[in-house]
Every structure is written in structure tokens, then in C-alpha cells.
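See structure below.
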Amino acid sequence: MKTRRELLQYAGAAFATLPFAKAFAQAKSSSLTLPGPIVVSTWNFGMQANEAAWKILGNGGHALDAVISGVAVPEADPKNTSVGYGGLPDRDGHVTLDACVMDENGNAGSVACVENIVHVAALARKVMEKTPHVMLVGEGAQQFGLANGFPKTNLLTPSSEKLWREWLKTAQYKPIANIENHDTIGMLALDSAGNLSGTCTTSGMAYKMHGRVGDSPLIGAGLYVDNEVGAATSTGVGEEVIKICGSHLVIEQMRAGRSPEEACRIAVERIVKKNPVKRDDLQVGFLALNKHGEHGAYCILKGFQYAVRSNSQNTLIDGKSHFA
Ligand code: GLY
């Protein structure tokens with residue numbers, strides 16, 4: 001017959017084989033309590049995307065699987081003109097997509113300026129998992145996708161083509177904030193094992209120059225994940241985000257002890273310092289999630305929203321803005 005101590009040791013050994021136990025032990029050793037799964041994503045279309053991610057996260061799934069599955073919703077939605085299929089084309093009529101992913105181990109994958117493939121976040125994951133590289137662009141990225149079973153799809157829907165032909169009549173490049181500028185879904189998730197992953201996927205700025213790439217596929221600009229600290233993503237005018245290495249800056253501010261919202265505010269203010277005059281064509285928003293499951297956002301112009309899904313929340317939140 002086993003003594004009480006032996007029984008406790010036995011139970012402890014069995015518990016330690018579970019992934020949850022591993023995460024629990026890690027959390028305990030860093031004096032955190034496991035915050036439970038949570039997913040956040042940019043804009044109101046993040047609500048639907050979060051729902052898809054939650055099917056995985058809410059069942060104890062991996063954060064990376066959740067974010068890829070979540071953003072697949074707007075990527076496939078022909079009515080969403082800023083992500084994936086149905087995205088507005090560049091000035092020459094090509095729909096070109098950008099995306100990247102990062103996981104809890106600091107692995108990263110990215111694709112840029114890809115045509116004819118809908119699920120570019122999944123393609124970026126494939127680059128991360130199946131190649132020795134971080135980033136593939138253009139023809140090479142498309143070729144890699146087709147070789148790996150991604151279907152070839154014409155991304156230009158009749159309604160996006162109609163809008164582009166209308167735009168060609170004046171061909172003025174002046175994006176409208178929060179309409180043509182809500183150009184990305186960035187999604188960040190913390191799973192029940194306490195691990196973070198993120199992704200960012202977009203068709204980029206409407207009517208951009210052919211070959212233009214924004215912040216979304218650039219690790220450190222449109223997305224950054226550090227499993228010790230948190231995850232951050234951005235939306236809006238990518239050029240301004242690239243110039244301040246935006247998402248990496250947000251992570252470093254959180255590492256220094258700032259809350260997700262404060263960290264995002266500092267990144268926004270760095271952009272505003274270079275562009276002090278309020279412009280209705282310059283919107284940037286940052287969204288961050290830390291290791292404790294706390295989230296926050298900040299943007300230049302009023303109007304940026306983000307969606308949150310956890311065991312206790314399923315809501316859309318207005319990001320605070322620099323300009324009213
Ligand atoms: N933030 C997306 C882009 O500038 O392309």
C-alpha cells in the first residue's frame with residue numbers, strides 16, 4: 001500500500017506530463033498566474049475572425065493555429081476590400097497581398113506582393129515551417145504556394161474591379177482614413193498553455209504603386225511576438241509604421257514595464273512627432289496583448305476599433321486616439 005507522500009508524488013508526476021502542467025509550472029516560476037486564452041484583432045471585422053479563432057483557443061488549441069484560422073475569415077470574404085480575396089487592387093489592377101506570422105518560439109514567416117493566393121497568412125506560416133527563409137515575395141511566393149497545394153484564385157472581384165475603374169477616372173492617390181486605411185487584420189492570441197502567436201494579413205493600401213509593400217509582412221513593423229513579453233500588430237499607413245519599427249517598439253515598451261495601451265501610445269506619438277499636423281489621410285493604429293492577457297490599443301485618428309474574445313469578453317473596443 002502506498003503512503004500519502006508516495007501518492008502525492010505519483011499524482012505530481014502524472015500531472016507534470018500534461019502540457020498544461022508544463023505551462024503552469026512556467027507561470028508559477030515567473031510568479032504569473034495563467035490568464036486563460038484570449039484573442040484580439042484589429043477593426044470590426046475582427047469580431048467574426050475572433051469567433052473562428054476562438055473555436056480553437058476556447059478548446060485548448062495552439063495560438064498559432066487559432067490566429068491562422070481566424071484571419072482566414074476576412075481573407076476569404078469578398079466584401080472585405082482590404083484583406084485577401086476582394087481586396088482593392090494596385091493602380092495597375094493587380095491585387096497583391098502581404099502577410100506574416102510569428103510563434104511563441106520566435107519563429108517567423110512572411111510573404112509579400114503575392115498574387116492569386118487567398119490565404120496568405122497560412123502561406124507565410126508555410127514559409128516559416130517549410131523553408132530555411134523568413135520571407136518570400138512576388139512570383140517566388142506564388143510559386144511556393146501553388147507547389148504546396150494553395151489553389152490559384154483570381155483575387156479581383158467584379159465589385160473591386162468596378163471601384164478601381166472608377167478610381168482610374170481621376171487616379172488621385174489620397175486614402176480616406178478609417179475607410180481605405182482600415183487595411184489590415186492583425187490578430188494576436190494567448191493560448192491556455194500561456195503561449196503567444198500573431199499574424200497580420202492585408203491587400204495593402206488601395207491603388208498603391210505596383211510592387212509597393214507596406215508594414216504588414218515586415219517582422220518588427222506590422223507584427224512582433226516575444227513570448228516573454230507580449231505581441232503587437234499595426235494597421236494603417238504602413239510607410240509610417242516601417243519608419244519607426246512600430247510593433248517591435250511596442251514590445252520593447254512593454255518589456256520596460258508599460259501597459260499595452262501605454263506602449264501603443266508611445267509608438268503612435270513617435271509617428272505624430274514626425275507628422276505633427278493632423279491629416280485625414282494619415283491613420284495608424286497599434287494593438288498589443290501582453291503575457292498576462294492584458295490588451296490595449298492606440299491610434300492617431302479617432303475611429304480605430306479592435307475586437308476581443310476571451311472566456312469573459314466578446315466585444316469591440318474603441319482605441320484611444322491622439323487626435324480627437
Ligand atoms: N498597413 C498595411 C499597409 O500599409 O499596407
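The values are calculated or read from the model by the stated rules, or taken from the named source; none is laboratory data. All values derive from a computational prediction rather than experimental measurement. Neighbour counts run over all protein chains shown; Cβ positions are idealised from the backbone, glycine included. For the accessible areas, the whole protein counts, side chains as well, though only heavy atoms, and no ligand, DNA or RNA atoms are used. Shrake-Rupley method; radii C 1.70, N 1.55, O 1.52, S 1.80 Å.
For residue 150, what charge total do you get from the other residues with a beta carbon under 15 Å from its beta carbon, if Lys and Arg give +1 and Asp and Glu give -1? Write down the numbers at each step before the final one.
Details: positive: 125, 126, 130, 152; negative: 75, 115, 129, 139.
The answer is 0.
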Legend entry - Net +/- balance of residues flanking residue 69 in space, Cβ distance below 15 Å, scoring K and R +1, D and E -1: -2
Inset, instruction - Could I have the simple spin-label model distance between residue 275 and residue 51, label points 7 Å from Cα toward Cβ, reported in nm to one decimal? - result: 3.3 nm
Legend entry - Residues in the range 68-104 reached by a label modelled at residue 129 [backbone nitrogen below 16 Å; 7 Å Cα→Cβ]: 68-72, 100-104
Inset, instruction - Give the shape of the chain as rounded, prolate or oblate, defined through the alpha-carbon gyration tensor: a ≥ b ≥ c are the square roots of its eigenvalues, a/c under 1.5 means rounded, and otherwise the shape is prolate if a/b is larger than b/c and oblate if not. - result: prolate
Legend entry - Expected 222 nm ellipticity per residue - DSSP helices of 4 or more, -39500 (n - 2.57), all of the chain, to 500: -10500 deg cm²/dmol
Inset, instruction - Give a residue-ordered list of calculated ³J(HN,Hα) values for the range 250-259 (Karplus: 6.51 cos²θ - 1.76 cosθ + 1.60, θ = phi - 60°; whole Hz; x for Gly, Pro). - result: 4, 4, 5, 5, 5, 4, 7, x, 7, 6
Inset, instruction - For every other residue with a beta carbon closer than 15 angstrom to the beta carbon of residue 125, add +1 if it is Lys or Arg and -1 if Asp or Glu, then tell me the sum. - result: -4
Inset, instruction - Compute the long axis of helix 19-29 from its Cα atoms, compare it with the longest principal axis of the Cα atoms of the chain, and write down the angle in degrees, 0 to 90, nearest 10. - result: 80 degrees
Legend entry - Most mobile of 272, 127, 111 in a GNM of the chain (Cα contacts under 10 Å): 272
Inset, instruction - Could you tell me which GluC sites (Glu not before Pro) in the range 187-253 are loop residues by DSSP with no more than 12 other beta carbons within 10 angstrom of their beta carbon? - result: 228
Inset, instruction - Please determine, in degrees from 0 to 90 and to the nearest 10, the orientation of helix 63-76 with respect to the longest principal axis defined by the Cα atoms of the chain, where the helix direction is its Cα long axis. - result: 30 degrees
Inset, instruction - Return the single residue from 309, 125, 270 with maximal mean-square fluctuation; model: Gaussian network over the chain, springs between Cα atoms under 10 Å. - result: 270
Inset, instruction - Report in % the part of the accessible area of the range 154-254 that belongs to carbon and sulfur, leaving out ligands and nucleic acids; probe 1.4 Å. - result: 57 percent
Inset, instruction - At 0.36 nm per residue, minus the direct Cα-Cα distance, what do residue 76 and residue 143 gain on full extension? Give it in nm, one decimal, please. - result: 22.1 nm
Inset, instruction - Taking only Cα atoms and a 10 Å spring cutoff, compute GNM fluctuations for the chain and point out the largest among 198, 61, 236. - result: 61
Inset, instruction - Report, in degrees rounded to the nearest 10, the 0 to 90 angle that the Cα long axis of helix 260-274 makes with the longest principal axis of the chain. - result: 30 degrees
